[in-house]
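**Student:** First the structure, then my questions, so here it is.
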Amino acid sequence: MPEEPNERLAYALAAAMDNPEVRQSVHEAMDASPYHEHKLVLGSFLQEARGSILKSSLAERLGGVDELKQLIQELPALDFYLPYETHRETWEHADDNLMAVCVLNVHAKQATAYHPDGSSRTLSSEEQIHQAEVAAMFTLHPAEPKSYRTAAESQASGSLQQSTRWHTRLSKIKNWTSDGIFGGDCEIYFETYLNKVDSPHLYRSNNIHAHSGSDDDPSTTDISPLAAIHPDKVSERELYTRVYESDGGWGGINKDDTYGTKVLTKEGSYSIDNANPVRNPPKIEATFVID
């Protein structure tokens, strides 16, 4: 059994997923998740009736319910999901051809992944993950703010309340960045204000789901419905817009990444990467519209 709490949990999770009943219950729960990438929050899931099979299996491998409870308390709230889309599409029939990893920094460059038989491997690149030829890599990392898979779910949560009155909106994100090899897609948000000094009238958008990309292969995400950015029309006043990638902020480790600030003067597409003004390509390109 590994010594570090996060690795101990990954070890136990991989072993638990050797049970077909556990895999089936997790598959059903992830399939029903309202969030992008079908995320679950592990601690909350284990308290639900549908998480009881996984909870019992984890407790058995860790030495009891008290040991599981103590381990969960030692760690931050954890997202539990499959960050790779190909794994989400195929893992239902994975049997025991899977591995589990738990990182305390979503941008970790290297981590130990465990198989159900207790064997492990060190992973430090997407290529290694694909070369592992597993049907699924379950990832646990500090919980990040979520976005909903459908407009109806988002509306039900109350997260679209502002959209009926905000006139500057986002229609598209082209993304050259990722959330690391153990993370999934990016959650982007925008802060807008009317002068260079942070105004008391600073507006923050909801989190916006954007597919991960890379310098060589950017992704394009069409935003539907359009994401509300600011109440006023950008054509009527300059808007200073600061862009972030949301990482949750646990323990000062996973602070939100700042992508840069741009002055909006009209609708259209803007390349954003103030951290390095000559970077080519930029971090993201955002397309704003007025309605």
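FYI, it's all coordinate maths here, none of it is from the lab. Please read these numbers as outputs of a predicted model, since none were measured by experiment. Backbone-built Cβ (ideal geometry, glycine too); neighbour counts: all protein chains shown.
**Student:** Just check the stretch 5-142 against the gyration tensor rule for me: Cα atoms, a ≥ b ≥ c as the square roots of the eigenvalues, rounded for a/c under 1.5, and otherwise prolate or oblate depending on whether a/b exceeds b/c.
**Tutor:** Working: a/c = 1.36, a/b = 1.18, b/c = 1.15.
Taking the square roots of the gyration eigenvalues as a ≥ b ≥ c, the stretch 5-142 is rounded.
**Student:** Next question, about the same structure. Grab the other residues whose beta carbon is less than 11 angstrom from that of VAL289, score K and R as +1, D and E as -1, and report the net. Show your work: numbers first, answer last.
**Tutor:** Values: positive: ARG169, LYS172, LYS233, LYS266; negative: GLU267, ASP291.
So the surrounding residues net to +2.
**Student:** Taking neighbour Cβ counts within 10 Å as the exposure measure, how do TYR35, TYR11 sort from fewest upward? Walk me through the intermediate numbers first.
**Tutor:** Details: TYR35 17, TYR11 24.
In order of increasing Cβ crowding within 10 Å: TYR35, TYR11.
**Student:** Going down the list LYS109/LYS266; LYS39/LYS266; LYS146/LYS266; LYS146/LYS262; LYS39/LYS69, which pairs span over 28 Å between their C-alpha atoms? Could the numbers behind the result be given before it?
**Tutor:** Values: LYS109/LYS266 39 Å; LYS39/LYS266 36 Å; LYS146/LYS266 30 Å; LYS146/LYS262 25 Å; LYS39/LYS69 21 Å.
Too far apart for the 28 Å limit: LYS109/LYS266; LYS39/LYS266; LYS146/LYS266.
**Student:** So, counting K/R as plus one and D/E as minus one, what does the shell of residues with Cβ under 11 Å around MET99 add up to?
**Tutor:** On the way: positive: ARG121; negative: ASP96, ASP117, GLU133.
Overall, the nearby charge balance is -2.
**Student:** I need two numbers for the chain: Rg to one decimal and Dmax as a whole number, Cα atoms only, in Å.
**Tutor:** In Å, with Rg to one decimal and Dmax whole: 20.4, 64.
**Student:** Gaussian network model of the chain, Cα springs within a sub-10 Å range: biggest mean-square fluctuation belongs to which of ASP247, ASP222, ASP79?
**Tutor:** Answer for the Gaussian network model of the chain: ASP222.
**Student:** Arranged from highest to lowest average of other beta-carbon atoms within 10 Å per residue, in what order do the peptides 202-213, 234-245, 174-185, 114-125 appear? Don't skip to the end; give the middle numbers.
**Tutor:** Working: 202-213: 19.6, 234-245: 18.1, 174-185: 22.1, 114-125: 15.3.
So the order, starting with the most tightly packed, is 174-185, 202-213, 234-245, 114-125.
**Student:** Now, a different point. Please compute the net charge surrounding ALA135, taking Lys and Arg as +1 and Asp and Glu as -1 over other residues with Cβ under 12 Å from its Cβ.
**Tutor:** With Lys, Arg at +1 and Asp, Glu at -1, the net is -3.
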